[in-house]
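*Asks:* Below is a structure I'd like to ask you about.
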Amino acid sequence: MKIREKLREISITKKVLLGLLLGAIVGIITYQLPESGFKNNFLINGIYELFGQLFLRGIMMLVVPLVFVSLVNGVAGMGDVKKLGRIGIKTIVFYLGTTAVAVVIALALGHFLKPGMGLSLQAMETVEVTVNERTPIVQILYEIIPKNPLQAMAEGNMLQIIVFAMMIGVGISLLEEKAELLVRLFDSLNDLIMKLVEIIMKAAPIGVFGLIAKTMSTVGVKAIIPLAKYIGTVYIGLAIHMFVVYGLLLTILTKFDVKKFYRKFSPAMSIAFSTASSSATVPVSLDILENEMGISKDIASFTIPLGATINMDGTAIMQGVAVFFIAQLYGIPLTPQMIITVILTATLASVGTAGVPGAGTIMLSMVLQSVGLPLDGMGLLMGVDRLVDMGRTTTNITGDAVCTAVIATKEGAVEKGVF
Ligand code: ASP
């Protein structure tokens, strides 16, 4: 009874971090165990997988309904198409700008830290790489309009859902009092889904534990050692971007205290780290930004799902470092033209990256192709991709939250006293 009461007193933030830490320790210990049915079937693919998947699926179940409902609700509440356009443009400029800065940081680190120098190709394991066909730009543009909104929802096509929800929201606000019932309905549905997020988040510590324990017990240390310099360089880039770039943006452009902002946002960061999916983190980010930081849902319900789809600063950092890593590994010098091409393509490739695990590495092929680097190099990185993915996804979603804070501050949409 006492333990239960004590546990109840610990904040969810601490519990999730504890789950993360314990999961990592237990996973590393499990990795050391000799191969056996107990290790593989009972622990890794049994308990860890079950805990992790139950939570992950629970939270993913809410992503599509939440994005749709909260965006309709937000846009209908805004009631001003011009304001929507202004926020949309600011958000996209902010997202693209921070991503370009991220690539430049990564390229500078790649140049100075030389992650691919002194490695022997033979000593490394390679995974076979298949390259996706490239979709023409025109098609990418027209496909943001869903032909069938239900299909868009069934497939979880975030951009199409965003467009559909915005149109419904605009329609509702144009109908004015004729749509009063709908306004109340969407408001109420939004509260309902937020309640469900709160309930599922109670399982987050255990879910995060399972996800991390599974990852740590399956990623081989053998694969990490030759790539430690690559992994380290990416993480240094992520840290610089998170603490210096985002730190400055928060300090200069908002009234949020950086340390407190990160502390409050840490449950979302833990979920991103353990799921390696920006999409899966959307409900948690929205919950924290709206309920704990006082950011208006008119803004967050638009910027967060959009950011989870197109704003991937961490992914861009990985891609920048990977370019240098592969070029150095194969002894190919990078010319200034190649570097400029990488800045442009990595920014675009990260926009095209879906918010799901491993997507950034698939898009890396586009960056490598643009400067004629060997795609085989990607195979080397695949073995440790999950470890890098966890970090870059954390940066990806933090970037979305920082942008949301900046835009909400500029729009005067931060409720005082909540933060
Ligand atoms: N996993 C990342 C995300 O969801 C995308 C990537 O693979 O870089 O944000």
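Taken together, the values in this text are just the output of simple stated rules run on the coordinates, not laboratory data. Quick caveat: nothing in here was measured; it's all calculated off a predicted structure. We place every Cβ from the backbone using ideal geometry, glycine too, and count neighbours over all the protein chains shown.
*Asks:* Using a cut-off of 16 Å between alpha-carbon atoms, which aspartates and glutamates can reach residue 195, once sequence neighbours fewer than 8 places away in the same chain are excluded?
*Replies:* 187, 287, 290, 292
*Asks:* Further, regarding this structure: Residue 258 to residue 83: extension gain in nm, 0.36 nm per residue of separation minus the Cα-Cα distance? Walk me through the numbers on the way to the answer.
*Replies:* Details: separation 175, 0.36 × 175 = 63.00 nm, distance 2.76 nm.
In short, 60.2 nm is gained.
*Asks:* Would you work out if the chain is rounded, prolate or oblate? Take a ≥ b ≥ c from the square roots of the eigenvalues of the alpha-carbon gyration tensor; rounded if a/c is under 1.5, else prolate when a/b is larger than b/c, oblate otherwise.
*Replies:* Details: a/c = 1.74, a/b = 1.25, b/c = 1.39.
It is oblate, given that a/c is not under 1.5 and a/b is not larger than b/c.
*Asks:* I would also like to ask the following. Please arrange 4, 392 by counting, for each residue, the other beta carbons lying within 10 Å of its beta carbon, fewest first. Please list the in-between numbers first.
*Replies:* Numbers: 4 7, 392 31.
Going from sparsest to densest Cβ surroundings: 4, 392.
*Asks:* In a shell of Cβ-Cβ distance under 10 Å around residue 90, excluding residue 90 itself, what net charge do Lys and Arg (+1) and Asp and Glu (-1) give? List each step's numbers first, then the result.
*Replies:* On the way: positive: 86, 410; negative: 411.
Once positives and negatives cancel, what remains is +1.
*Asks:* If you don't mind, there's one more thing I want to ask. Nearest 10 degrees, 0 to 90: what angle lies between the long axis of helix 12-32 and the longest principal axis of the chain (Cα atoms)?
*Replies:* For helix 12-32, the angle is close to 20 degrees.
*Asks:* Hey, fewest Cβ within 10 Å first, where do 411, 290, 5 land in order? It would help to have the intermediate numbers written out before the result.
*Replies:* Values: 411 17, 290 23, 5 8.
Lowest count first: 5, 411, 290.
*Asks:* Follow-up question, since we're still on this one. Summing -39500 (n - 2.57) over the DSSP H runs of n ≥ 4 in the chain and dividing by its residue number, what mean residue ellipticity at 222 nm do you reach, to the nearest 500 deg cm²/dmol? Could the numbers behind the result be given before it?
*Replies:* Details: 20 runs with 308 residues, N = 419.
When only DSSP H runs of four or more count, the value is -24000 deg cm²/dmol.
*Asks:* With the calculation restricted to Cα positions, what are the radius of gyration and Dmax of segment 314-412 in angstrom?
*Replies:* Values for segment 314-412 (Cα only, Rg and Dmax): 14.8, 52 Å.
*Asks:* Taking the Cβ of residue 31 as the center, what net charge do the other residues with Cβ under 12 Å away carry, scoring Lys and Arg +1 and Asp and Glu -1?
*Replies:* On the way: positive: 39, 214, 222; negative: 35.
Once all neighbours under 12 Å are counted, the net charge is +2.
*Asks:* Listing 22, 181 from the residue with the fewest other Cβ atoms within 10 Å to the one with the most, what is the order? Intermediate results must be reported in sequence, preceding the final value.
*Replies:* Numbers: 22 16, 181 9.
Ordered from fewest to most neighbouring Cβ atoms within 10 Å, 22, 181 come out as 181, 22.
*Asks:* When the chain is fully extended, how far beyond the present Cα-Cα distance does residue 40 get from residue 114, taking 0.36 nm per residue of separation? Numbers along the way, then the final one.
*Replies:* Details: separation 74, 0.36 × 74 = 26.64 nm, distance 3.71 nm.
22.9 nm is the gain from fully extending residue 40 to residue 114.
*Asks:* Next question, about the same structure. Near residue 202, which lysines are there with a Cα under 29 Å away, not counting those fewer than 8 places off in the same chain?
*Replies:* In chain and number order, the partners are 2, 6, 14, 15, 39, 214, 259, 260, 264, 297, 416.
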